[in-house]
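The block underneath contains the structure these notes are about, expressed in structure tokens.
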Amino acid sequence: MYRILERDEFGNPHEVIYTNDFRVIGKFNDKGEPMFVTIKDPKGKLVYEGTIEVDIYQYFQKYLETGKTIKSKEL
């Protein structure tokens, strides 16, 4: 799923890298699920920033299909 690079003061992930090399930085819940985050591709380009409204892999897939930063409500 992902490798944790940094944790917040509560021990929850704060910065992770998924197996597809997408970097996710922000707030995760107690289950380790992303809540409000910034997603960057392997080259550091912004993929999405905001509240995760669907499965995070849908954001990765949409970005891989279009190559464009995703705006909220596009999925």
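The values are calculated or read from the model by the stated rules, or taken from the named source; none is laboratory data. Computed from a predicted structure; not experimentally measured. Backbone-built Cβ (ideal geometry, glycine too); neighbour counts: all protein chains shown.
Numbers at a glance
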| read-out | value |
| --- | --- |
| Single condition Asp41 does not satisfy, out of (1) touching a helix residue (DSSP H, G or I) at 6+ places or on another chain (Cβ under 7 Å); (2) charged (D, E, K, R); (3) modelled with pLDDT under 95 | (3) |
| Residue in the stretch 16-34 that is of a type outside the set (Gly, Ala, Ser) and in contact with a Leu (Cβ under 7 Å, 6 or more places away or on another chain) present | yes |
| Selected residue [surrounded by fewer than 13 Cβ atoms within 10 Å (Cβ to Cβ), over 12 Å from the mean Cα position of the chain (by Cα) and in contact (Cβ under 8 Å) with a residue 12 or more places away in the chain] from Asp30, Asp21 | Asp30 |
| Some residue of the stretch 44-52 being without any contact (Cβ under 8 Å) to a residue 40 or more places away in the chain, closer than 16 Å to Leu75 by Cβ and in contact with a Leu (Cβ under 8 Å, 6 or more places away or on another chain) | no |
